[in-house]
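Single-structure report; data block below.
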Amino acid sequence: MKRLTKKQMWIFAIGQLGWSILGGIINAWLVTFYLPTSEAVSEQGANFFVPTGLVILGVLTVLGLITFICRIFDAVTDPLIATMSDRSKNPKGRRIPFMRLAAIPFAVVTVLVFLAPVNKISGINIAWILIFLILFYFFMTLYCTPYNALISEFGKTQEDRMYISTAISLTYFFGTLLAYVPFVFAGVLQGMSVSYNWSYRLCFIVLAIVALVCMLIPTFKLNEKEFVDAKPSEANVIKSLGATFKNKEFLKFTGSDIAYWIGLTLFQTGLPFFVKVSMKLDESMTMVFLGGMTVLSACFYPVVSKLVSKFGKKKLTITGFLGLALAYVITALIGVLPLPGMVFGVLIVVIASFPMALLGIIPQAIVADVAEEDSIITGEKREGMFFAARTFAMKLGQSIAMLAFTSLAILGTTQDLSSNDITASAVGLRIVAIVAIFFCCLGAVTLMFYNEKKVMKTIEDSKKETPKENE
(Lines give C-alpha, C1' and ligand atoms only; values in the text may rest on other atoms or scores of the structure.)
Protein backbone atom coordinates (compact mmCIF):
# COMPACT_ATOMS: atom_id res chain seq x y z
CA MET A 1 0.00 0.00 0.00
CA LYS A 2 1.06 3.60 -0.62
CA ARG A 3 2.56 5.83 2.06
CA LEU A 4 1.22 9.35 2.46
CA THR A 5 3.46 12.08 1.12
CA LYS A 6 4.20 15.04 3.37
CA LYS A 7 1.68 17.08 1.37
CA GLN A 8 -1.01 14.44 1.90
CA MET A 9 -0.26 14.37 5.61
CA TRP A 10 -1.00 18.09 5.75
CA ILE A 11 -4.20 17.56 3.78
CA PHE A 12 -5.18 15.02 6.42
CA ALA A 13 -4.27 17.49 9.18
CA ILE A 14 -6.66 20.09 7.74
CA GLY A 15 -9.50 17.89 8.96
CA GLN A 16 -8.24 18.36 12.50
CA LEU A 17 -8.17 22.12 11.92
CA GLY A 18 -11.87 21.93 11.14
CA TRP A 19 -13.07 19.90 14.09
CA SER A 20 -10.77 21.70 16.53
CA ILE A 21 -12.43 25.00 15.56
CA LEU A 22 -15.82 23.54 16.47
CA GLY A 23 -14.51 21.94 19.64
CA GLY A 24 -12.76 25.18 20.53
CA ILE A 25 -16.00 27.15 20.13
CA ILE A 26 -17.72 24.94 22.69
CA ASN A 27 -14.75 24.81 25.09
CA ALA A 28 -14.05 28.54 24.94
CA TRP A 29 -17.55 29.92 24.63
CA LEU A 30 -20.17 27.67 26.22
CA VAL A 31 -19.39 28.94 29.71
CA THR A 32 -18.34 32.44 28.59
CA PHE A 33 -21.52 32.97 26.55
CA TYR A 34 -23.95 31.52 29.08
CA LEU A 35 -22.06 32.77 32.17
CA PRO A 36 -21.17 36.37 31.16
CA THR A 37 -19.17 38.59 33.48
CA SER A 38 -20.91 41.36 35.39
CA GLU A 39 -19.17 43.92 33.13
CA ALA A 40 -20.56 42.22 30.01
CA VAL A 41 -24.05 42.36 31.50
CA SER A 42 -23.91 45.99 32.65
CA GLU A 43 -21.81 47.50 29.85
CA GLN A 44 -22.40 45.36 26.74
CA GLY A 45 -25.97 44.19 27.13
CA ALA A 46 -25.31 40.51 27.79
CA ASN A 47 -28.12 38.57 29.41
CA PHE A 48 -28.58 35.26 31.19
CA PHE A 49 -30.35 32.36 29.45
CA VAL A 50 -30.05 29.75 32.23
CA PRO A 51 -29.59 29.92 36.01
CA THR A 52 -25.90 30.34 36.85
CA GLY A 53 -25.81 29.82 40.61
CA LEU A 54 -25.19 26.60 42.55
CA VAL A 55 -28.81 25.59 42.23
CA ILE A 56 -28.36 21.81 41.82
CA LEU A 57 -28.11 20.32 45.33
CA GLY A 58 -26.31 23.50 46.35
CA VAL A 59 -23.03 22.44 44.70
CA LEU A 60 -23.60 22.33 40.92
CA THR A 61 -24.65 24.80 38.26
CA VAL A 62 -27.24 23.99 35.60
CA LEU A 63 -24.63 24.45 32.86
CA GLY A 64 -22.19 22.13 34.64
CA LEU A 65 -24.85 19.45 34.99
CA ILE A 66 -25.79 19.75 31.30
CA THR A 67 -22.20 19.17 30.16
CA PHE A 68 -21.84 16.22 32.50
CA ILE A 69 -25.02 14.57 31.16
CA CYS A 70 -23.74 15.03 27.62
CA ARG A 71 -20.51 13.22 28.42
CA ILE A 72 -22.39 10.32 29.98
CA PHE A 73 -24.16 10.05 26.61
CA ASP A 74 -20.70 9.98 25.01
CA ALA A 75 -19.79 6.96 27.10
CA VAL A 76 -22.31 5.01 25.02
CA THR A 77 -21.74 6.50 21.57
CA ASP A 78 -17.92 6.42 21.52
CA PRO A 79 -17.50 2.61 21.58
CA LEU A 80 -20.55 2.07 19.35
CA ILE A 81 -19.23 4.31 16.59
CA ALA A 82 -15.71 2.95 16.98
CA THR A 83 -17.01 -0.61 16.52
CA MET A 84 -19.13 0.40 13.53
CA SER A 85 -16.04 1.97 11.94
CA ASP A 86 -13.75 -0.98 12.74
CA ARG A 87 -16.32 -3.44 11.32
CA SER A 88 -17.25 -1.35 8.27
CA LYS A 89 -17.03 -3.02 4.87
CA ASN A 90 -17.79 0.14 2.90
CA PRO A 91 -15.94 -0.03 -0.46
CA LYS A 92 -14.70 3.53 0.11
CA GLY A 93 -13.03 2.62 3.40
CA ARG A 94 -13.74 2.09 7.09
CA ARG A 95 -13.22 5.71 8.16
CA ILE A 96 -13.79 8.43 5.54
CA PRO A 97 -17.47 7.64 4.82
CA PHE A 98 -18.27 8.29 8.48
CA MET A 99 -16.37 11.58 8.37
CA ARG A 100 -18.30 12.76 5.30
CA LEU A 101 -21.59 11.87 6.95
CA ALA A 102 -20.76 13.77 10.15
CA ALA A 103 -19.20 17.00 8.85
CA ILE A 104 -22.28 19.06 7.90
CA PRO A 105 -24.49 18.29 10.93
CA PHE A 106 -21.45 18.70 13.21
CA ALA A 107 -20.94 22.28 11.99
CA VAL A 108 -24.65 23.17 12.05
CA VAL A 109 -25.30 21.83 15.54
CA THR A 110 -22.29 23.75 16.94
CA VAL A 111 -24.00 27.02 16.01
CA LEU A 112 -27.40 25.87 17.25
CA VAL A 113 -25.99 25.34 20.76
CA PHE A 114 -25.75 29.15 21.06
CA LEU A 115 -29.19 29.95 19.62
CA ALA A 116 -31.21 29.49 22.81
CA PRO A 117 -34.67 30.81 21.79
CA VAL A 118 -35.75 32.71 24.92
CA ASN A 119 -33.84 35.92 25.81
CA LYS A 120 -34.13 35.36 29.55
CA ILE A 121 -33.67 32.56 32.05
CA SER A 122 -35.98 29.79 30.92
CA GLY A 123 -36.46 26.04 31.14
CA ILE A 124 -36.85 26.03 27.36
CA ASN A 125 -33.27 27.27 27.06
CA ILE A 126 -32.04 24.54 29.40
CA ALA A 127 -33.71 21.88 27.22
CA TRP A 128 -32.40 23.53 24.03
CA ILE A 129 -28.79 23.60 25.20
CA LEU A 130 -28.99 20.02 26.49
CA ILE A 131 -30.43 18.62 23.24
CA PHE A 132 -28.04 20.39 20.88
CA LEU A 133 -25.00 19.79 23.07
CA ILE A 134 -25.79 16.06 23.05
CA LEU A 135 -26.05 16.21 19.25
CA PHE A 136 -22.78 18.19 19.12
CA TYR A 137 -20.90 15.46 20.95
CA PHE A 138 -22.57 12.72 18.89
CA PHE A 139 -21.46 14.22 15.56
CA MET A 140 -18.07 15.07 17.03
CA THR A 141 -17.62 11.38 17.85
CA LEU A 142 -18.91 10.36 14.40
CA TYR A 143 -16.18 12.48 12.78
CA CYS A 144 -13.30 12.30 15.24
CA THR A 145 -13.25 8.59 16.09
CA PRO A 146 -12.73 7.42 12.48
CA TYR A 147 -10.42 10.40 11.85
CA ASN A 148 -8.16 9.55 14.76
CA ALA A 149 -8.06 5.88 13.80
CA LEU A 150 -6.48 6.94 10.50
CA ILE A 151 -3.48 8.34 12.40
CA SER A 152 -2.32 4.80 13.09
CA GLU A 153 -3.35 3.45 9.67
CA PHE A 154 -1.82 6.30 7.65
CA GLY A 155 1.29 6.38 9.83
CA LYS A 156 3.07 3.27 8.58
CA THR A 157 6.39 4.12 10.27
CA GLN A 158 7.39 5.83 13.51
CA GLU A 159 8.61 8.79 11.46
CA ASP A 160 5.28 9.06 9.65
CA ARG A 161 3.34 8.92 12.92
CA MET A 162 5.42 11.62 14.51
CA TYR A 163 5.05 13.80 11.41
CA ILE A 164 1.28 13.29 11.31
CA SER A 165 1.02 13.89 15.07
CA THR A 166 3.04 17.08 14.67
CA ALA A 167 0.88 18.30 11.80
CA ILE A 168 -2.46 17.61 13.51
CA SER A 169 -1.18 19.10 16.74
CA LEU A 170 -0.30 22.32 14.93
CA THR A 171 -3.69 22.46 13.20
CA TYR A 172 -5.40 21.65 16.52
CA PHE A 173 -3.80 24.62 18.26
CA PHE A 174 -4.42 26.89 15.28
CA GLY A 175 -8.05 25.78 15.21
CA THR A 176 -8.37 26.47 18.93
CA LEU A 177 -6.83 29.89 18.32
CA LEU A 178 -9.39 30.65 15.60
CA ALA A 179 -12.15 29.77 18.07
CA TYR A 180 -11.06 32.76 20.15
CA VAL A 181 -11.38 35.18 17.20
CA PRO A 182 -14.83 36.39 18.41
CA PHE A 183 -13.07 38.20 21.27
CA VAL A 184 -11.84 40.63 18.62
CA PHE A 185 -14.57 40.67 15.97
CA ALA A 186 -17.59 40.56 18.29
CA GLY A 187 -16.51 43.93 19.67
CA VAL A 188 -16.25 45.30 16.12
CA LEU A 189 -19.77 44.08 15.33
CA GLN A 190 -21.11 45.58 18.56
CA GLY A 191 -19.64 48.88 17.42
CA MET A 192 -21.81 48.51 14.32
CA SER A 193 -24.94 48.28 16.50
CA VAL A 194 -25.15 44.48 16.44
CA SER A 195 -26.46 43.12 19.75
CA TYR A 196 -24.12 41.38 22.22
CA ASN A 197 -25.60 37.93 21.60
CA TRP A 198 -25.69 38.16 17.80
CA SER A 199 -22.22 39.69 17.59
CA TYR A 200 -20.90 36.36 18.88
CA ARG A 201 -23.40 34.19 17.04
CA LEU A 202 -22.39 35.71 13.69
CA CYS A 203 -18.75 34.93 14.48
CA PHE A 204 -19.68 31.34 15.33
CA ILE A 205 -21.54 30.96 12.02
CA VAL A 206 -18.53 32.13 9.99
CA LEU A 207 -16.17 29.88 11.96
CA ALA A 208 -18.50 26.90 11.49
CA ILE A 209 -18.47 27.40 7.72
CA VAL A 210 -14.65 27.51 7.71
CA ALA A 211 -14.57 24.41 9.89
CA LEU A 212 -16.95 22.54 7.60
CA VAL A 213 -14.79 23.18 4.53
CA CYS A 214 -11.69 22.04 6.42
CA MET A 215 -13.36 18.83 7.64
CA LEU A 216 -14.51 17.89 4.14
CA ILE A 217 -11.15 18.50 2.40
CA PRO A 218 -9.41 15.25 3.49
CA THR A 219 -12.56 13.21 2.81
CA PHE A 220 -12.50 14.21 -0.86
CA LYS A 221 -8.75 14.65 -1.38
CA LEU A 222 -7.58 11.35 0.15
CA ASN A 223 -8.59 7.91 -1.09
CA GLU A 224 -8.48 5.76 2.03
CA LYS A 225 -8.26 2.52 0.03
CA GLU A 226 -5.00 3.62 -1.60
CA PHE A 227 -3.24 3.79 1.78
CA VAL A 228 -5.05 1.32 4.05
CA ASP A 229 -5.71 -2.36 3.48
CA ALA A 230 -7.12 -3.30 6.86
CA LYS A 231 -9.35 -6.30 7.40
CA PRO A 232 -12.59 -5.25 9.12
CA SER A 233 -12.76 -6.38 12.74
CA GLU A 234 -15.28 -9.12 13.51
CA ALA A 235 -15.56 -8.24 17.20
CA ASN A 236 -18.83 -6.78 18.49
CA VAL A 237 -18.86 -3.63 20.60
CA ILE A 238 -18.75 -5.41 23.96
CA LYS A 239 -15.95 -7.74 22.94
CA SER A 240 -13.93 -4.98 21.26
CA LEU A 241 -14.36 -2.56 24.16
CA GLY A 242 -13.45 -5.24 26.69
CA ALA A 243 -10.34 -6.22 24.76
CA THR A 244 -9.25 -2.59 24.49
CA PHE A 245 -9.49 -1.97 28.21
CA LYS A 246 -7.72 -5.22 29.00
CA ASN A 247 -4.60 -3.61 27.57
CA LYS A 248 -2.82 -2.54 30.75
CA GLU A 249 -0.50 -0.06 29.06
CA PHE A 250 -3.44 1.65 27.42
CA LEU A 251 -5.23 1.90 30.76
CA LYS A 252 -2.22 3.63 32.29
CA PHE A 253 -2.03 6.08 29.41
CA THR A 254 -5.77 6.76 29.52
CA GLY A 255 -5.62 7.60 33.23
CA SER A 256 -2.93 10.20 32.60
CA ASP A 257 -4.75 11.49 29.52
CA ILE A 258 -7.95 12.18 31.44
CA ALA A 259 -5.95 14.19 33.96
CA TYR A 260 -4.32 16.12 31.10
CA TRP A 261 -7.66 17.09 29.54
CA ILE A 262 -9.05 18.17 32.90
CA GLY A 263 -6.08 20.44 33.51
CA LEU A 264 -6.00 21.80 29.94
CA THR A 265 -9.75 22.45 29.74
CA LEU A 266 -9.83 24.20 33.12
CA PHE A 267 -7.25 26.61 31.70
CA GLN A 268 -8.86 27.02 28.26
CA THR A 269 -12.33 27.57 29.73
CA GLY A 270 -11.00 29.93 32.36
CA LEU A 271 -8.65 31.94 30.12
CA PRO A 272 -11.16 34.70 29.27
CA PHE A 273 -12.00 35.00 32.98
CA PHE A 274 -8.34 35.00 34.05
CA VAL A 275 -7.69 37.82 31.58
CA LYS A 276 -10.69 39.97 32.45
CA VAL A 277 -11.33 39.22 36.13
CA SER A 278 -7.90 38.25 37.52
CA MET A 279 -5.50 40.23 35.29
CA LYS A 280 -8.02 43.09 34.84
CA LEU A 281 -7.23 43.38 31.13
CA ASP A 282 -9.54 43.79 28.15
CA GLU A 283 -10.96 40.44 27.06
CA SER A 284 -9.48 40.91 23.57
CA MET A 285 -6.10 40.13 25.19
CA THR A 286 -7.30 36.53 25.44
CA MET A 287 -6.76 36.24 21.70
CA VAL A 288 -3.34 37.87 21.97
CA PHE A 289 -2.13 35.54 24.72
CA LEU A 290 -3.49 32.41 23.05
CA GLY A 291 -2.04 33.49 19.71
CA GLY A 292 1.35 34.11 21.28
CA MET A 293 1.24 30.72 22.98
CA THR A 294 0.31 28.99 19.71
CA VAL A 295 3.05 30.67 17.67
CA LEU A 296 5.72 30.12 20.31
CA SER A 297 4.63 26.52 20.78
CA ALA A 298 4.83 25.94 17.01
CA CYS A 299 8.46 27.10 17.10
CA PHE A 300 9.26 24.05 19.26
CA TYR A 301 7.54 21.56 16.95
CA PRO A 302 10.57 20.78 14.75
CA VAL A 303 12.54 19.94 17.89
CA VAL A 304 10.02 17.52 19.40
CA SER A 305 10.65 14.64 16.97
CA LYS A 306 14.38 14.85 17.61
CA LEU A 307 13.83 14.90 21.35
CA VAL A 308 11.54 11.86 21.11
CA SER A 309 14.22 9.84 19.30
CA LYS A 310 16.68 10.72 22.07
CA PHE A 311 14.57 10.62 25.26
CA GLY A 312 11.46 8.65 24.31
CA LYS A 313 7.79 9.64 24.40
CA LYS A 314 7.11 8.83 28.04
CA LYS A 315 9.76 11.08 29.61
CA LEU A 316 8.88 14.02 27.39
CA THR A 317 5.15 13.70 28.09
CA ILE A 318 5.84 13.73 31.84
CA THR A 319 8.01 16.80 31.28
CA GLY A 320 5.08 18.40 29.48
CA PHE A 321 2.76 17.72 32.41
CA LEU A 322 5.14 19.31 34.90
CA GLY A 323 5.79 22.31 32.65
CA LEU A 324 2.07 22.93 32.27
CA ALA A 325 1.67 22.66 36.04
CA LEU A 326 4.30 25.39 36.43
CA ALA A 327 2.34 27.68 34.09
CA TYR A 328 -0.73 27.11 36.26
CA VAL A 329 1.28 28.00 39.37
CA ILE A 330 1.94 31.39 37.78
CA THR A 331 -1.78 31.68 37.03
CA ALA A 332 -2.66 30.93 40.65
CA LEU A 333 -0.30 33.71 41.80
CA ILE A 334 -2.20 36.42 39.88
CA GLY A 335 -3.29 38.95 42.49
CA VAL A 336 -0.90 37.48 45.07
CA LEU A 337 2.38 38.78 43.65
CA PRO A 338 2.51 42.57 43.02
CA LEU A 339 2.98 42.31 39.25
CA PRO A 340 0.90 43.86 36.44
CA GLY A 341 -1.61 41.57 34.72
CA MET A 342 0.28 41.88 31.44
CA VAL A 343 3.44 40.47 33.05
CA PHE A 344 1.53 37.43 34.29
CA GLY A 345 0.08 36.92 30.83
CA VAL A 346 3.50 36.99 29.16
CA LEU A 347 4.97 34.62 31.77
CA ILE A 348 2.17 32.11 31.25
CA VAL A 349 2.58 32.25 27.46
CA VAL A 350 6.35 31.70 27.63
CA ILE A 351 6.24 28.92 30.23
CA ALA A 352 3.30 27.00 28.72
CA SER A 353 4.43 27.01 25.08
CA PHE A 354 6.98 24.17 25.22
CA PRO A 355 4.81 21.84 27.35
CA MET A 356 1.91 22.51 24.97
CA ALA A 357 4.09 21.42 22.06
CA LEU A 358 5.04 18.19 23.83
CA LEU A 359 1.51 17.35 24.94
CA GLY A 360 0.02 18.34 21.62
CA ILE A 361 2.17 15.95 19.58
CA ILE A 362 3.26 12.95 21.62
CA PRO A 363 0.06 11.46 23.18
CA GLN A 364 -1.51 10.72 19.77
CA ALA A 365 1.66 8.88 18.78
CA ILE A 366 1.54 6.88 22.02
CA VAL A 367 -2.01 5.71 21.26
CA ALA A 368 -0.92 4.68 17.75
CA ASP A 369 1.97 2.70 19.29
CA VAL A 370 -0.31 0.91 21.74
CA ALA A 371 -2.87 0.16 19.00
CA GLU A 372 -0.16 -1.32 16.77
CA GLU A 373 1.29 -3.41 19.60
CA ASP A 374 -2.18 -4.71 20.41
CA SER A 375 -2.85 -5.66 16.78
CA ILE A 376 0.48 -7.54 16.65
CA ILE A 377 -0.38 -9.52 19.78
CA THR A 378 -4.09 -10.16 19.12
CA GLY A 379 -4.27 -10.10 15.31
CA GLU A 380 -7.27 -7.72 15.55
CA LYS A 381 -7.12 -4.30 13.85
CA ARG A 382 -9.09 -2.15 16.31
CA GLU A 383 -7.52 1.28 15.88
CA GLY A 384 -10.99 2.83 15.90
CA MET A 385 -11.73 1.53 19.37
CA PHE A 386 -8.38 2.67 20.79
CA PHE A 387 -8.80 6.18 19.44
CA ALA A 388 -12.46 6.18 20.49
CA ALA A 389 -11.28 5.45 24.01
CA ARG A 390 -8.80 8.33 23.71
CA THR A 391 -11.57 10.59 22.40
CA PHE A 392 -13.73 9.53 25.33
CA ALA A 393 -10.87 10.33 27.73
CA MET A 394 -10.69 13.79 26.16
CA LYS A 395 -14.44 14.33 26.48
CA LEU A 396 -14.58 12.93 30.00
CA GLY A 397 -11.73 15.18 31.07
CA GLN A 398 -13.35 18.19 29.42
CA SER A 399 -16.75 17.47 31.01
CA ILE A 400 -15.27 17.07 34.49
CA ALA A 401 -13.33 20.30 33.97
CA MET A 402 -16.37 22.27 32.82
CA LEU A 403 -18.47 20.83 35.63
CA ALA A 404 -15.77 21.81 38.09
CA PHE A 405 -15.10 25.22 36.55
CA THR A 406 -18.70 26.40 36.70
CA SER A 407 -18.83 25.47 40.38
CA LEU A 408 -15.31 26.54 41.45
CA ALA A 409 -15.06 29.83 39.54
CA ILE A 410 -17.83 31.46 41.57
CA LEU A 411 -16.47 30.48 44.98
CA GLY A 412 -15.39 33.45 47.08
CA THR A 413 -17.88 35.78 45.47
CA THR A 414 -19.83 38.20 47.62
CA GLN A 415 -23.01 37.34 45.73
CA ASP A 416 -25.65 34.85 46.82
CA LEU A 417 -24.47 31.48 45.47
CA SER A 418 -28.03 30.47 44.66
CA SER A 419 -28.79 33.61 42.64
CA ASN A 420 -29.47 33.41 38.92
CA ASP A 421 -26.95 36.02 37.77
CA ILE A 422 -23.78 35.10 39.65
CA THR A 423 -20.39 35.61 37.94
CA ALA A 424 -16.82 34.37 38.44
CA SER A 425 -14.62 35.78 41.21
CA ALA A 426 -10.83 36.21 41.49
CA VAL A 427 -10.72 33.81 44.46
CA GLY A 428 -12.70 31.18 42.58
CA LEU A 429 -10.41 31.48 39.57
CA ARG A 430 -7.36 31.00 41.80
CA ILE A 431 -8.94 27.80 43.09
CA VAL A 432 -9.48 26.69 39.49
CA ALA A 433 -5.76 27.16 38.77
CA ILE A 434 -4.77 25.17 41.86
CA VAL A 435 -7.06 22.30 40.86
CA ALA A 436 -5.49 22.35 37.38
CA ILE A 437 -2.03 22.07 38.97
CA PHE A 438 -3.18 18.99 40.90
CA PHE A 439 -4.46 17.22 37.78
CA CYS A 440 -1.32 17.97 35.77
CA CYS A 441 0.80 16.43 38.52
CA LEU A 442 -1.58 13.48 38.76
CA GLY A 443 -1.21 12.91 35.02
CA ALA A 444 2.58 12.90 35.32
CA VAL A 445 2.55 10.40 38.20
CA THR A 446 0.10 8.09 36.41
CA LEU A 447 2.14 8.01 33.20
CA MET A 448 5.22 6.93 35.14
CA PHE A 449 3.69 3.44 35.27
CA TYR A 450 3.39 3.20 31.46
CA ASN A 451 5.84 0.58 30.10
CA GLU A 452 7.07 2.25 26.93
CA LYS A 453 10.00 -0.15 26.49
CA LYS A 454 7.68 -3.17 26.32
CA VAL A 455 5.40 -1.57 23.73
CA MET A 456 8.21 -0.42 21.47
CA LYS A 457 10.08 -3.76 21.73
CA THR A 458 7.00 -5.63 20.49
CA ILE A 459 6.71 -3.30 17.51
CA GLU A 460 10.40 -3.43 16.68
CA ASP A 461 10.51 -7.24 16.95
CA SER A 462 7.54 -7.47 14.58
CA LYS A 463 9.29 -5.30 12.00
CA LYS A 464 12.33 -7.59 12.14
CA GLU A 465 10.23 -10.71 11.59
CA THR A 466 8.23 -9.32 8.66
CA PRO A 467 10.99 -9.72 6.00
CA LYS A 468 11.47 -13.38 7.00
CA GLU A 469 7.75 -14.05 6.65
CA ASN A 470 7.75 -12.58 3.15
CA GLU A 471 10.64 -14.64 1.87
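The values are calculated or read from the model by the stated rules, or taken from the named source; none is laboratory data. Just so we're clear, the structure is a prediction, and the values are computed from it rather than from any experiment. Virtual Cβ from ideal backbone geometry, glycine too; neighbours counted across all protein chains shown. Each accessible area value is taken on the protein alone, full model and side chains, heavy atoms only, with ligands, DNA and RNA left out. Shrake-Rupley method; radii C 1.70, N 1.55, O 1.52, S 1.80 Å.
The residues of the stretch 86-124 that are within 30 Å of residue 41 (Cα to Cα), of a type in the set (S, T, N, Q) and modelled with pLDDT under 95, listed by number, are 119, 122. Of everything in the stretch 249-296 that is charged (D, E, K, R) and touching a residue at least 60 places away in the same chain (Cβ under 8 Å), the residue that is nearest to residue 359 (Cα to Cα) is 257.
When residue 359 is tested against (1) modelled with pLDDT of 85 or more; (2) surrounded by fewer than 24 Cβ atoms within 10 Å (Cβ to Cβ), exactly one condition is not met: (2). The condition of being in contact with a helix residue (DSSP H, G or I) (Cβ under 6 Å, 6 or more places away or on another chain), open to solvent by 10 Å² or more (accessible area, probe 1.4 Å), of a type outside the set (D, E, K, R) and at pLDDT below 90 holds for only one of 130, 80, that being 80.
Scanning the stretch 243-259 for residues that are open to solvent by less than 10 Å² (accessible area, probe 1.4 Å), closer than 22 Å to residue 23 by Cα and not hydrophobic (A, V, I, L, M, F, W, C) returns 256, 257. Among the residues of the stretch 276-288, are any open to solvent by 20 Å² or more (accessible area, probe 1.4 Å), under 27 Å from residue 395 (Cβ atoms), of a type in the set (Lys, Arg) and part of a loop (DSSP other than H, G, I, E, B)? Within the stretch 276-288, not a single residue is open to solvent by 20 Å² or more (accessible area, probe 1.4 Å), under 27 Å from residue 395 (Cβ atoms), of a type in the set (Lys, Arg) and part of a loop (DSSP other than H, G, I, E, B).
Here residue 318 clears all of (1) modelled with pLDDT of 95 or more; (2) over 24 Å from the mean Cα position of the chain (by Cα) except the condition numbered (2). A single member of 73, 68 is closer than 25 Å to residue 107 by Cβ, open to solvent by 10 Å² or more (accessible area, probe 1.4 Å) and modelled with pLDDT under 80, and it is 68. Listed by first and then second residue, the pairs with beta-carbon distance under 6 Å, at least 6 apart or on different chains, first residue in the stretch 380-398 and within 23 Å of residue 66 (Cβ to Cβ) and open to solvent by less than 10 Å² (accessible area, probe 1.4 Å), second modelled with pLDDT under 75 and not acidic (Asp, Glu), are 395/71. Is it the case that some residue within the stretch 314-326 is without any contact (Cβ under 8 Å) to a residue 24 or more places away in the chain, over 30 Å from residue 454 (Cα atoms) and surrounded by fewer than 24 Cβ atoms within 10 Å (Cβ to Cβ)? Scanning the stretch 314-326, I find no residue that is without any contact (Cβ under 8 Å) to a residue 24 or more places away in the chain, over 30 Å from residue 454 (Cα atoms) and surrounded by fewer than 24 Cβ atoms within 10 Å (Cβ to Cβ), so the answer is no.
Residues of the stretch 100-115 include at least one that is open to solvent by less than 10 Å² (accessible area, probe 1.4 Å), in contact with a Pro (Cβ under 9 Å, 6 or more places away or on another chain) and closer than 21 Å to residue 386 by Cβ.
Here 174, 138, 185 are screened, and the one residue that is open to solvent by 40 Å² or more (accessible area, probe 1.4 Å) and farther than 19 Å from residue 30 by Cβ is 174.
Is one or more of the residues making up the stretch 157-165 within 20 Å of the chain's Cα centre (by Cα), closer than 23 Å to residue 98 by Cβ, part of a helix (DSSP H, G or I) and of a type outside the set (Gly, Ala, Ser)? Within the stretch 157-165, one or more residues are within 20 Å of the chain's Cα centre (by Cα), closer than 23 Å to residue 98 by Cβ, part of a helix (DSSP H, G or I) and of a type outside the set (Gly, Ala, Ser). Taking (1) over 18 Å from the mean Cα position of the chain (by Cα); (2) open to solvent by less than 10 Å² (accessible area, probe 1.4 Å); (3) of a type in the set (S, T, N, Q) in turn, residue 197 satisfies each apart from (2).
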